[in-house]
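In what follows, a single structure is set out as structure tokens and then discussed.
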Amino acid sequence: MVLKQALIFLGPPGAGKGTQSKRMAERCGVPHLSTGDMFRDAVSRGTELGRRVKPMMERGELAPDDVVMQMVEERLAESDCARGAVFDGFPRTLPQAERLGKILESKGFGKPLVVDFCIAPETLLRRIAGRWTCSVGGEIYNIYEAPPKIAGICDFDGGTLVQRADDRAEVVKERLAAYQRQTRPLADYYRRLGVLEEIDASASVDNVSRALAKIVNCGDGSDGRL
Ligand code: ADP
Ligand code: AMP
């Protein structure tokens, strides 16, 4: 990510976008913008936005583009986004991608860098089934691959680990279908713009981070290596 650039992590649910985007945002000193986290926060606080999107999230459907875009535009207007941001789970439809392109252009940002997390469906199902998240700091664990030291407790802040309501098998099926139908076409869109990079997301967490470090330049003279 060079100065004033958005980094977009594209890929199906469970591919590891959240895990890697948190690391990358910290490395590059820019915010991690997960629209899924923003919606979950709105749901847990019971805001008007939360009440509106809750039923869609429970069904595994995408929220409407205008709702997503208003939330993202407001967030991007905050001063900590001036240098750039790592987008996780956004954009998810062609209209969102086109609108984001216009917003970035109006802010004087260069073209985004888009990383496509490539992974087999059976690996996704195992990752999603094993995902537990800290209810305090949002740290992501996996009971099969990256368990906490003490079951059910976050290593970092002692918060209780919880499973996402939409990680139930029947909802996951719909989320994967929504991904194929509405989000997958974005890979071709960004490929045509010449900004798409692909990584093998089935590798270990550290190896995926290493692959990303080779692609992403934080724009501060560092090469993005761990
Ligand atoms: P996404 O944000 O794409 O939905 P997450 O980052 O939440 O995905 O990861 C999904 C689950 O897979 C989590 O339980 C996480 O701990 C685990 N995970 C993430 N990356 C890897 C990896 N490279 N290898 C094994 N497990 C991983
Ligand atoms: P995620 O945490 O990225 O898996 O997102 C969880 C849920 O939030 C999705 O299944 C959608 O219902 C909603 N959501 C998150 N990001 C978007 C987006 N960019 N567009 C539409 N809906 C979204």
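The values are calculated or read from the model by the stated rules, or taken from the named source; none is laboratory data. Fair warning: this is a prediction, and the values are worked out from it, not measured in the lab. Cβ atoms come from the backbone with ideal geometry, glycine included; neighbour counts cover every protein chain shown. Surface accessibility is based on the protein's heavy atoms, side chains included, excluding ligands, DNA and RNA. Shrake-Rupley method; radii C 1.70, N 1.55, O 1.52, S 1.80 Å.
Of all residues in segment 170-212, those satisfying the criterion of being part of a helix (DSSP H, G or I), over 18 Å from ALA129 (Cα atoms) and open to solvent by 60 Å² or more (accessible area, probe 1.4 Å) are GLN180, ARG181, GLN182, ASP188, ARG191, ARG192, ASP206, ASN207, ARG210. Taking the conditions exactly as written (away from ligand 1 (no atom under 16 Å from the Cβ) and either modelled with pLDDT of 95 or more or of a type in the set (Val, Ile, Thr) (or both)), does ARG75 satisfy them or not? When the stated conditions are applied, ARG75 passes them.
Scanning segment 34-45 for residues that are more than 15 Å from ALA165 (Cβ to Cβ) and away from ligand 2 (no atom under 11 Å from the Cβ) returns a single hit, ARG45. Considering only residues that are touching a residue at least 24 places away in the same chain (Cβ under 8 Å) and open to solvent by 20 Å² or more (accessible area, probe 1.4 Å), look in segment 79-92 and name the one that is farthest from ALA187 (Cα to Cα). Applying the filter and picking the extreme gives ASP80.
The lone criterion from (1) open to solvent by 30 Å² or more (accessible area, probe 1.4 Å); (2) within 27 Å of CYS134 (Cα to Cα); (3) at pLDDT 95 or above; (4) not charged (D, E, K, R) left unmet by ALA165 is number (3).
When the strands (runs of 3 or more DSSP E) confined to segment 93-158 are screened for residues that are closer than 24 Å to SER44 by Cα, free of Cβ contacts under 8 Å to residues at least 40 places away in the same chain and within 12 Å of ligand 1 (Cβ to nearest atom), those reaching at least 1 such residues are found at 131-134, 140-142.
For segment 59-73, state whether one or more residues are assigned to a strand (DSSP E or B) and either more than 7 Å from ligand 2 (Cβ to nearest atom) or open to solvent by less than 10 Å² (accessible area, probe 1.4 Å) (or both). No: segment 59-73 contains no residue that is assigned to a strand (DSSP E or B) and either more than 7 Å from ligand 2 (Cβ to nearest atom) or open to solvent by less than 10 Å² (accessible area, probe 1.4 Å) (or both).
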